[in-house]
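K.L.:
Right, I'll just put the structure down here and ask away after.
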Amino acid sequence: MAAHNRRMSGKKGAQVGSGGQRRRGLEGKGPTPPAEMRKGHVKQRAAAAKARRAQVRAPQRRTGKAPSELVVGRNPVVEALRGGVPASTLYVQQFIDNDERVREALQLVAERGGINLMEAPRPELDRMTNGLNHQGLVLQVPPYEYAHPEDLAGAAADAGEDPLIVALDGVTDPRNLGAVVRSVSAFGGHGVVVPERRAAGMTAGAWKTSAGTAARTPVARATNLTRALEAYKKAGIVVVGLAADGETEVQELAALDGPVVIVVGSEGKGLSRLVGETCDFRVRIPMPGGAESLNAGVAAGIVLYEAARRRA
């Protein structure tokens with residue numbers, strides 16, 4: 001009997017009390033997952049490495065903002081700090097020769113506050129500046145926050161004043177933009193409008209030329225300058241363009257007494273055709289000395305003075 005039981009125990013099939021484990025085992029584990037999801041597979045390791053690299057790069061991406069500007073070299077950095085140019089970080093080369101300019105830069109950063117001070121090896125500064133002669137000092141200037149053209153007229157309305165705005169057409173020198181900003185601030189204007197393309201922007205050079213007035217005089221950027229001027233006209237603001245062949249001399253224009261946008265073209269080409277056609281008036285600045293033209297900063301200052309004199 002014992003021998004018979006031993007022979008029976010060798011038979012295949014579910015044993016008593018197995019609970020159907022054999023049947024579940026025959027059901028399988030579903031389709032084979034792709035190689036990228038199989039732990040230990042070479043493709044899975046490659047996919048994981050790619051994901052890690054993406055996570056490292058992600059914080060460096062910028063969306064919707066212009067890149068920061070870099071001021072490079074000891075004299076330019078010191079001049080920018082003296083001029084009140086906004087800055088986020090001053091990079092100083094490790095083991096730099098500590099001359100008078102380096103000491104002044106460090107002192108200005110300490111006095112102004114709010115500027116990070118970072119020490120970096122020379123190869124890193126070379127990489128940041130694309131090999132420019134940085135002399136061990138690099139100043140990072142954050143992107144300028146432009147206003148909208150409508151904001152300038154709105155600020156004038158809030159102050160209970162007639163808008164006095166300058167628009168620049170084709171002016172590409174940042175120093176001219178800075179000079180115009182300075183004149184607008186001096187004569188009680190409400191801001192400057194520049195086109196988005198083919199025009200000077202608020203760089204460190206423009207900030208420095210404005211002598212700090214850019215901090216309180218807004219600069220607006222227009223996607224299309226002609227449309228921006230048309231919008232001003234619909235709002236009841238007179239658009240006056242400066243042109244060497246203008247029909248009226250600036251001192252004879254009564255419109256400067258009220259809401260006005262003064263449009264200044266480039267020194268070489270003047271106003272573009274569409275902008276010139278959009279102007280309500282085209283005026284000239286009399287020049288008995290016989291000069292052919294004035295740069296944008298000087299021309300804007302003369303007309304702004306005339307407008308401010310009449311409003312006083």
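The values are calculated or read from the model by the stated rules, or taken from the named source; none is laboratory data. What you are looking at is a predicted structure, and each value in this text was computed from that prediction instead of being measured. Counting neighbours? That spans all protein chains shown, and the Cβs are built from the backbone with ideal geometry, glycine included. In case anyone asks, the SASA skips ligands and DNA or RNA and just uses the protein heavy atoms, side chains included. Shrake-Rupley method; radii C 1.70, N 1.55, O 1.52, S 1.80 Å.
K.L.:
Please calculate how many Å² of accessible area the range 243-312 carries per residue, with a 1.4 Å probe and no DNA, RNA or ligand atoms counted.
P.N.:
That works out to 52 Å² per residue.
K.L.:
Excluding residues fewer than 8 places away in the same chain, name every one of the aspartates and glutamates whose C-alpha is closer than 14 Å to that of Lys234.
P.N.:
Glu150, Asp280
K.L.:
Long-range amide H contacts for Leu70: which residues qualify at under 5 Å (H placed 1.01 Å from N, peptide plane, sequence gap of 5 or more or a different chain)?
P.N.:
Val141
K.L.:
Classify the range 198-255: rounded, prolate or oblate, from the alpha-carbon gyration tensor (a ≥ b ≥ c, eigenvalue square roots; a/c under 1.5 rounded; otherwise prolate if a/b is larger than b/c)?
P.N.:
prolate
K.L.:
Heavy-atom accessible area of Glu111 with all protein chains present, probe 1.4 Å, nearest 10 Å²?
P.N.:
The accessible area comes out at roughly 120 Å².
K.L.:
Here's another thing I want to ask about it. Answer with one residue from Val192, Val166, Val141: the one whose Cα lies farthest towards the positive end of the charge dipole of the range 123-197, charges on Cβ with Lys, Arg +1 and Asp, Glu -1.
P.N.:
Val141
K.L.:
Now a separate question. What is the range 251-312 by shape, rounded, prolate or oblate, if you read a ≥ b ≥ c off the alpha carbon gyration tensor as root eigenvalues and call it rounded for a/c under 1.5, prolate for a/b larger than b/c, and oblate otherwise? Please list the in-between numbers first.
P.N.:
Details: a/c = 1.93, a/b = 1.19, b/c = 1.62.
Oblate.
K.L.:
Check cross-link reach from Lys208 to the aspartates and glutamates: straight Cα distance under 16 Å, and skip same-chain residues fewer than eight apart.
P.N.:
The qualifying aspartates and glutamates are Glu69, Glu79, Asp173.
K.L.:
Can you order the peptides 203-215, 169-181 by their average number of other Cβ atoms within 10 Å per residue, highest first?
P.N.:
So the order, starting with the most tightly packed, is 169-181, 203-215.
K.L.:
Assuming a ≥ b ≥ c are the square roots of the Cα gyration tensor eigenvalues, decide whether the range 157-235 counts as rounded (a/c under 1.5), prolate (otherwise, with a/b larger than b/c) or oblate. Intermediate results must be reported in sequence, preceding the final value.
P.N.:
Details: a/c = 2.43, a/b = 1.15, b/c = 2.11.
It comes out oblate by the Cα gyration axes.
K.L.:
Further question on the same structure: So what are the ³J(HN,Hα) numbers for the range 184-201, from phi and the Karplus equation (6.51, -1.76, 1.60; θ = phi - 60°), rounded to whole Hz, Gly and Pro as x?
P.N.:
4, 5, 5, 9, x, x, 10, x, 10, 10, 10, x, 6, 10, 6, 8, 5, x
K.L.:
Same structure again: Principal axis extents for the range 176-312, Cα atoms only, whole Å, descending order, please.
P.N.:
Computed over the range 176-312, the largest-to-smallest principal extents equal 37, 34, 33 Å.
K.L.:
Ok, one more. Given H placed 1.01 Å from N in the peptide plane, which residues other than close sequence neighbours of Ala147 have an amide H under 5 Å from its amide H?
P.N.:
Under 5 Å from the amide H of Ala147: Val219, Ala220, Arg221.
K.L.:
If contacts are Cα pairs under 8 angstrom and at least 6 residues apart, what is the relative contact order of the range 169-312 in percent?
P.N.:
30 percent
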